[in-house]
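Engineer: Sending over a structure as structure tokens; questions will come in a sec.
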Amino acid sequence: MRSRYSLIGCLLLCWACNNIEDAKPAERKTFIRFFEAAHNLYGVCAEPVDNGYIILGNELLANGNQNSILIRTDKNGNRIAADLVIPDGYSKALKVTADGYYIVGDSIKSNIETTDVSVFDLVVYSARLFKIDPTGNIVKKIVIADRTDLTNITDFHGGAVTLNAQNELILLGTFKKGLSTERPFLTALDPTTFQPLWTQNYDIIDRDYINSKSVHSTPSGRVLWASSLLKENQNFSRSYIGIPYIKENSTFENFSEFGELTDQQIYANDIQPAESPSFGYGVVGTYASPSGEDDANMFFLRVNQYGDVIAGSERYFDGELSGNNESVPANLSSGDDTGDAITSTQDGGFVLAGSMLTTLNRGNGGKDIFLVKVDGQGNVLWNKVLGGAGDETVNSIRETDGGDLLICGSNNASDLSSIFILKTDRNGEFKD
């Protein structure tokens, strides 16, 4: 608990605020809230809704079981209802709609029906999707699973969900059979009945597809996301980025690549649309050497509305060396930094969110929140480091209607993880 209070204290010290524990929530424009338990909790995302915020997380129990958890709060981050716990699995993404929420993730089951002792058959993953009404009740569920071969089951993982122009659900996930590579799939579902409308599996490149946490329906009616295409060989991992651009129920119309001719690990963790649809998308992720022994940087690049990576748009940021609001060369890093989430802003730019490992010259101990604000061309406008003595990691960031920033992630203090949400002003500052 001491580290969490240290996080609060550090934020207050940096911006000369009053004591957060003494301030009434209604008196604060910015705040931080922790959601704790006797076991580990991990933040997935937080989304603004009319009366407050919806927070999606996962819990890891002492017996190793995992559950998803949905928390509803008022505009000050205070719980307003009992949490919804969804057992036997974890969640990856949340989609807010006018009549509730969609949660996508995985169901985890033991394969007790097989006598095969192969490790990859002992635990079975199935993709699952829930529809939750505004009062927090589960009204619909679908599970995508393989029940054809009990000795060599295909694992399905749910990754992201969105709605297209026809209000149909588009579910992005991956599937993996035995020791084969992990490949993406798309499924369209009726939003009311969850009846499948079409499904497409994609098996084009012999690499593992690591998909971004978001998928989008473009203004032209295509489906777009970001993938990292990974190849592992002993102690080395090499990857590059691909941007699938797909006509619904069809194959790739475009697959723009970045880093395919160079040697690195590069992971596209999130992709979000710009404020203006014609301006395309922003991508954030992490860049490192193939061995992973050197330090890592946050990176940003832009993609146009047709899925093409915009040449020369890539930028790299280091938690210490970018403190003067400048990008750095890809391989110049002072610490182990990550890029984990991105949001567009009303002024046409983006805010990138990730973590930095404290160095001798910057940071508050352990991992801290690292925020970088860029304009539409990727030029740095400001950067902030927020954190305390524990480890803070970010999993989502959103701009609110008022232009403030809502950040969700996990805080690890004394080997116990909790969910946090942090609301800053539009400049990433924590103050009244």
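We did not get these values from a lab; they are worked out from the coordinates using the rules stated. Computed from a predicted model, the values in this text were never measured in an experiment. No Cβ is skipped: glycine too gets one built from the backbone with ideal geometry, and neighbour counts run over all protein chains shown.
Engineer: With a/c under 1.5 counting as rounded, go ahead and sort the chain into rounded, prolate or oblate using the C-alpha gyration tensor (a ≥ b ≥ c being the square roots of the eigenvalues; past the cut-off, prolate if a/b is larger than b/c, else oblate).
Structural biologist: rounded
Engineer: Here is a further query. Which residue fluctuates most in the GNM of the chain (Cα springs below 10 Å): 225, 382, 198?
Structural biologist: Result: 198 has the largest fluctuation of those listed.
Engineer: If you don't mind, another one. Where does the charge balance sit around residue 275 when Lys and Arg score +1, Asp and Glu -1, over other residues with C-beta under 11 Å from its C-beta?
Structural biologist: Within the 11 Å Cβ shell, the charges total -2.
Engineer: Hey, another quick one. Starting from 0.36 nm per residue, how many nanometres of slack lie between residue 279 and residue 200 once their C-alpha separation is accounted for?
Structural biologist: 25.6 nm
Engineer: Another one. Tell me the label-point distance for the pair residue 379, residue 252, using the 7 Å Cα-to-Cβ offset, in nm and rounded to one decimal.
Structural biologist: 3.4 nm
Engineer: How long is the gain from residue 325 to residue 308 if the chain were fully straight, where each residue apart is worth 0.36 nm and the alpha carbon distance is subtracted?
Structural biologist: My answer for the length gained is 3.4 nm.
Engineer: Could you pull out every residue, at least 5 positions away or on a different chain, whose amide H is within less than 5 Å of the one on residue 318? Hs are placed 1.01 Å off N in the peptide plane, and Pro or chain starts have none.
Structural biologist: So residue 318 has HN proximity to 328.
Engineer: Once you place label points 7 Å from the Cα toward the Cβ at residue 182 and residue 165, how far apart are they in nm?
Structural biologist: Taking the two extended label points, one gets 3.3 nm.
Engineer: When the chain is fully extended, how far beyond the present Cα-Cα distance does residue 220 get from residue 96, taking 0.36 nm per residue of separation?
Structural biologist: Contour length minus Cα-Cα distance gives 42.4 nm.
Engineer: Then there's this: Taking the Cβ of residue 341 as the center, what net charge do the other residues with Cβ under 11 Å away carry, scoring Lys and Arg +1 and Asp and Glu -1?
Structural biologist: Net of charged neighbours comes to 0.
Engineer: Tell me the mean residue ellipticity at 222 nm calculated for the chain from its helices only (DSSP H runs of n ≥ 4, each -39500 (n - 2.57), averaged over every residue, nearest 500).
Structural biologist: Numbers: 2 runs with 18 residues, N = 432.
Mean residue ellipticity at 222 nm (helix-derived): -1000 deg cm²/dmol.
Engineer: Here's a follow-up. Can you check what the net charge comes to around residue 236, using other residues whose Cβ is under 11 Å from the Cβ of residue 236 (Lys, Arg +1; Asp, Glu -1)?
Structural biologist: Net of charged neighbours comes to -1.
Engineer: Now for a different question. Normalising by the residue count of segment 109-412, find the relative contact order in percent from Cα pairs under 8 Å and 6+ residues apart.
Structural biologist: Computed value for segment 109-412: 9 percent relative contact order.
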